[in-house]
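To keep things clear, I will list the structure first and then write my remarks on it.
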Amino acid sequence: MRSRSSSGKPYRTPGPTTGFESLTVHQNQEDPAAFLIWELWNTRQNYETYLAWRTETGALADLVAMLASPPSFRFFGFVGV
């Protein structure tokens, strides 16, 4: 199944994915309606380019419309442990 925007048009894929390494989805055991999406990118700039594309296509707005609250974006660096 292909993802579609609220207008019914399919999202353009694959988009700018340079630097994308992995994505995992985690469900909160105490609140099954809460999820954490962990994306690994080789640079923050590559992720921000991707997020800008998702914003321009309307995909981010469509996602936010389905959520109980706005998403929280945080950036972490690996510390070698």
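Key figures
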read-out: Heavy atoms of LEU67: accessible area, 1.4 Å probe, square angstrom to 10; value: 70 Å²
read-out: Heavy atoms of TRP53 accessible to a 1.4 Å probe, total area in Å² rounded to 10; value: 10 Å²
read-out: Rounded if a/c under 1.5, otherwise prolate or oblate - region 13-78, Cα gyration tensor axes; value: oblate
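The values are calculated or read from the model by the stated rules, or taken from the named source; none is laboratory data. Please read these numbers as outputs of a predicted model, since none were measured by experiment. Note: accessible area is taken over every heavy atom of the protein model, side chains too, but ligands, DNA and RNA are not part of it. Shrake-Rupley method; radii C 1.70, N 1.55, O 1.52, S 1.80 Å.
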